[in-house]
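First up is the structure itself, then whatever we jot down about it.
What follows draws every value from the coordinates through simple rules; no lab data is involved. Worth saying up front: this structure is predicted, and the values here are computed from it rather than measured. No Cβ is skipped: glycine too gets one built from the backbone with ideal geometry, and neighbour counts run over all protein chains shown.
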Amino acid sequence: MDFNNKTKKLLNYEEKKCVFCEGKNVVKAGQRFKREGRVQKYYCKTCKRYFCSSPMLHKTYSPKAILNGISLYNLGYKLDII
């Protein structure tokens, strides 16, 4: 489909690029289930690799949970309380 810029903006359309080869030939390929919820998986037809739309790769917890844990630890709380 060929959308103009106004239609893309209204639909919150975001063209995905491959994180490995920067290619635009990307399709959705299911979802991954993590502790914090679902993450969309993509498949790059150019380099034939899968990748996720996760903001932090290879992390189980969300950035908010990680930041809260580090902040509490730096404030002097014990690990068993965190």
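Over 32 Å between Cα atoms: which of Lys16/Lys59; Lys34/Lys78; Lys17/Lys78; Lys28/Lys78 fall into that group?
Values: Lys16/Lys59 21 Å; Lys34/Lys78 27 Å; Lys17/Lys78 42 Å; Lys28/Lys78 42 Å.
From the list (Lys16/Lys59; Lys34/Lys78; Lys17/Lys78; Lys28/Lys78), the Cα-Cα distance tops 32 Å for Lys17/Lys78; Lys28/Lys78.
Which net charge results when you count Lys and Arg as +1 and Asp and Glu as -1 among the other residues whose beta-carbon is under 13 Å from that of Glu22? Can you show the working numbers first?
On the way: positive: Lys16, Lys17, Lys24, Arg49; negative: Glu15.
Summing Lys/Arg as +1 and Asp/Glu as -1 gives +3.
Below 9 angstrom from the Cβ of Arg32, what's the summed charge of the other residues (Lys, Arg +1; Asp, Glu -1)? Please list the in-between numbers first.
Working: positive: Lys34, Arg38, Lys41; negative: none.
For residues surrounding Arg32, the net value is +3.
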